[in-house]
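Structure first, then comments.
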Amino acid sequence: MKLQTVNGDEKLVADYLKDLFSKNGIESEYNKVDENRYNLIATINKDSQGPVLGFTGHEDVVDPVEADKWTYGPFNPKHIDGKIIGRGAADMKIGLSALAIAMIELNEDDSFTGQIKFIATVGEEKGEIGAQQLSKEGYADDLSALIVGEPSNGSSQLVINKLAGSGLLNIPQPNPTKFGRNSFFAAHKGSVDYRVISHGKAAHSSMPEAGINAIDNLIKFYNQQAEYFKTLASYEDDALGTTKPAVTVFKAGDQPNTIPDLAYLGAKIRTIPEYDNDKILKDVQDLIDKMNDADPRMNLELVVDSSNLPVKTDLNSKLVTTGREVYKEVWGQDCVVVGAPGGTDASQFVRANPKLEVIVAGPGNESAHQINEFCFEDDYLQYITIYKDIAKKYLA
């Protein structure tokens with residue numbers, strides 16, 4: 001957590017991991033995304049003829065958020081009362097570290113012959129750009145299964161119960177009726193980010209009829225889009241719930257005495273497999289085309305900023321059943337396997353490799369992205385064991 005790898009400086013983590021692997025006899029390679037931004041890939045037992053298991057996590061963290069309000073500072077990690085505190089303690093330098101240590105210990109185990117590919121990515125928090133590049137370059141093509149080390153636990157049983165009761169966590173069947181705070185995700189929502197730009201015509205505010213007010217036209221679209229959003233609620237997934245659309249940006253105008261010639265809104269839609277990203281984008285484009293055709297003064301444009309697919313792995317798949325077995329052995333109780341409302345780099349890897357089995361399992365909790373973010377020390381140590389044991393069972 002001491003390395004300040006907010007988006008743009010992730011090479012610090014890549015360098016650290018490359019050196020760590022080298023000291024432990026594991027070769028690794030950089031994959032450059034931009035200056036100071038490097039993905040890192042390492043593989044053990046490359047000659048293995050069996051399936052390939054992927055370990056993946058991201059190198060970047062979100063901005064500290066009011067750094068002066070942190071008790072010890074966001075990049076001054078502390079071990080206090082059984083907790084590791086600092087930016088990235090939950091999301092997700094702890095998970096990335098646990099995956100790396102598990103990889104090293106598996107490499108030292110002469111009885112382990114399975115192939116593991118370790119993938120550390122840049123830019124997950126802003127667009128999944130590192131995973132996107134790696135997927136396009138074929139790094140996920142040979143994977144049979146993937147463990148994403150993002151935080152999947154609650155800090156307490158009460159938190160898990162509250163999340164489930166609020167609907168933020170859906171519990172598909174089959175699942176145990178009694179379970180602890182330690183869970184993992186077999187599914188997570190995708191996302192679509194787009195802007196709708198309204199092009200108008202500037203004029204003096206004393207003569208508005210001489211111009212075309214871009215705000216007026218954008219509001220007309222906003223209202224029709226709101227009606228469209230209501231229709232998405234009729235689609236539901238047992239693990240992920242319903243599609244969640246939201247308009248999150250609305251900007252227009254520069255000065256009060258000028259009719260604005262440009263306005264735009266930004267929307268983010270959390271998607272499910274039952275009504276996928278491409279269908280939604282087609283619907284939005286069709287709505288824009290219809291409005292443009294109906295009114296010659298309407299000039300709307302759609303710009304798609306990102307489209308990340310939903311991820312879902314069957315609860316009876318080998319990776320999920322293996323994960324359940326290992327969790328019970330390590331934690332001494334059944335775990336619940338749920339769907340997550342957020343997304344991960346797995347969206348990019350699944351786009352390249354649709355048959356890929358994925359689970360999201362890692363130390364950390366709901367404190368991710370918050371002030372005084374933390375992870376329990378014991379969770380970190382236990383996940384090293386969990387990753388090793390899943391690898392041994394899955395690749396046996």
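From I197, I219, grab the single residue that is in contact (Cβ under 8 Å) with a residue 60 or more places away in the chain and either of a type in the set (V, I, T) or in a helix (DSSP H, G or I) (or both).
Among I197, I219, only I197 is in contact (Cβ under 8 Å) with a residue 60 or more places away in the chain and either of a type in the set (V, I, T) or in a helix (DSSP H, G or I) (or both).
Being under 21 Å from the mean Cα position of the chain (by Cα), under 22 Å from T242 (Cα atoms) and among the polar types (S, T, N, Q) narrows it down to one of S144, S183, S135, so name that one.
Only one candidate passes the filter, namely S183.
Among the candidates E274, E227, E209, which residue alone is surrounded by fewer than 19 Cβ atoms within 10 Å (Cβ to Cβ), charged (D, E, K, R) and under 30 Å from Q173 (Cβ atoms)?
Sole residue among the options that is surrounded by fewer than 19 Cβ atoms within 10 Å (Cβ to Cβ), charged (D, E, K, R) and under 30 Å from Q173 (Cβ atoms): E274.
How many residues, within region 1-47, are among the polar types (S, T, N, Q) and part of a helix (DSSP H, G or I)?
First pass over region 1-47, keeping only residues among the polar types (S, T, N, Q): 4-5, 7, 22, 24, 28, 31, 36, 39, 43, 45.
Still in the list and also part of a helix (DSSP H, G or I): 22.
Number satisfying all stated conditions: 1.
Can you tell me which residue among G82, G123, G86 is touching a residue at least 40 places away in the same chain (Cβ under 8 Å), open to solvent by 20 Å² or more (accessible area, probe 1.4 Å) and at positive phi?
It is G82.
Being open to solvent by less than 10 Å² (accessible area, probe 1.4 Å) and small (G, A, S) is the filter; apply it to region 47-79 and report the residue that is nearest to T344 (Cα to Cα).
G57
Which condition from (1) surrounded by 20 or more Cβ atoms within 10 Å (Cβ to Cβ); (2) under 19 Å from the mean Cα position of the chain (by Cα) is the one that T248 breaks?
All conditions pass for T248, except number (1).
Output the residues belonging to region 216-251 that are of a type in the set (A, V, I, L, M, F, W, C), under 19 Å from G343 (Cα atoms) and touching a Gly at 6+ places or on another chain (Cβ under 8 Å).
Across region 216-251, the qualifying residues are A239, L240, V247.
Output the residues belonging to region 290-325 that are farther than 20 Å from A239 by Cα, in a helix (DSSP H, G or I) and touching a strand residue (DSSP E or B) at 6+ places or on another chain (Cβ under 9 Å).
Hits for region 290-325 are M291, N292.
Can A202 be described as within 30 Å of the chain's Cα centre (by Cα) and more than 19 Å from P273 (Cβ to Cβ)?
Here the answer is no, as A202 does not meet what is asked.
Just one of the numbered conditions (1) more than 21 Å from Y387 (Cβ to Cβ); (2) surrounded by 15 or more Cβ atoms within 10 Å (Cβ to Cβ); (3) not charged (D, E, K, R) is not true of I26; which one?
(1)
I'd like to know if region 287-296 contains one or more residues that are among the basic types (K, R) and either surrounded by 23 or more Cβ atoms within 10 Å (Cβ to Cβ) or in contact (Cβ under 8 Å) with a residue 24 or more places away in the chain (or both).
Filtering region 287-296 down to residues among the basic types (K, R) leaves 290.
If we keep only those that are either surrounded by 23 or more Cβ atoms within 10 Å (Cβ to Cβ) or in contact (Cβ under 8 Å) with a residue 24 or more places away in the chain (or both) too, we end up with none.
No, there is no match, as no residue in region 287-296 is among the basic types (K, R) and either surrounded by 23 or more Cβ atoms within 10 Å (Cβ to Cβ) or in contact (Cβ under 8 Å) with a residue 24 or more places away in the chain (or both).
Could you grab the pairs with beta carbons closer than 8 Å, sequence gap of 6+ or different chains, first residue in region 304-318 and farther than 15 Å from I147 by Cα, second one assigned to a strand (DSSP E or B) and open to solvent by 20 Å² or more (accessible area, probe 1.4 Å)?
V304/D193; D305/D193; D305/R195; S306/D193; S307/D193
Return the pairs, sorted by first residue and then second, in which the second residue is assigned to a loop (DSSP other than H, G, I, E, B) and not charged (D, E, K, R), the first residue lies in region 143-157 and is more than 23 Å from K83 (Cβ to Cβ) and open to solvent by 20 Å² or more (accessible area, probe 1.4 Å), the beta carbons are less than 8 Å apart, and the residues are 6+ apart or on different chains.
Partner pairs satisfying both residue conditions: S144/P51; S144/L356.
Quick check: anything in region 327-334 modelled with pLDDT of 95 or more and touching a strand residue (DSSP E or B) at 6+ places or on another chain (Cβ under 9 Å)? Spell out how you get there, then give the answer.
Start the filter on region 327-334 by keeping residues that are modelled with pLDDT of 95 or more, which leaves 327-330.
From what is left, the residues that are touching a strand residue (DSSP E or B) at 6+ places or on another chain (Cβ under 9 Å) are 327.
Scanning region 327-334, I find at least one residue that is modelled with pLDDT of 95 or more and touching a strand residue (DSSP E or B) at 6+ places or on another chain (Cβ under 9 Å), so the answer is yes.
Determine which member of the set G180, G200 is open to solvent by less than 40 Å² (accessible area, probe 1.4 Å) and modelled with pLDDT under 95.
Working: G200 fails: modelled with pLDDT under 95.
After ruling out the rest, the residue left standing is G180.
Taking A202 as the residue in question, decide whether it is over 30 Å from D314 (Cα atoms) and small (G, A, S). First the steps, then the outcome.
Numbers: over 30 Å from D314 (Cα atoms): yes; small (G, A, S): yes.
When the stated conditions are applied, A202 passes them.
The values are calculated or read from the model by the stated rules, or taken from the named source; none is laboratory data. Predicted, not measured: the structure shown is a model, and the values here were computed from it. For neighbour counting, all protein chains shown are included, and Cβ atoms are generated from backbone atoms with ideal geometry for every residue, glycine included. The accessibility values were calculated without ligands, DNA or RNA, using every heavy atom of the protein model including side chains. Shrake-Rupley method; radii C 1.70, N 1.55, O 1.52, S 1.80 Å.
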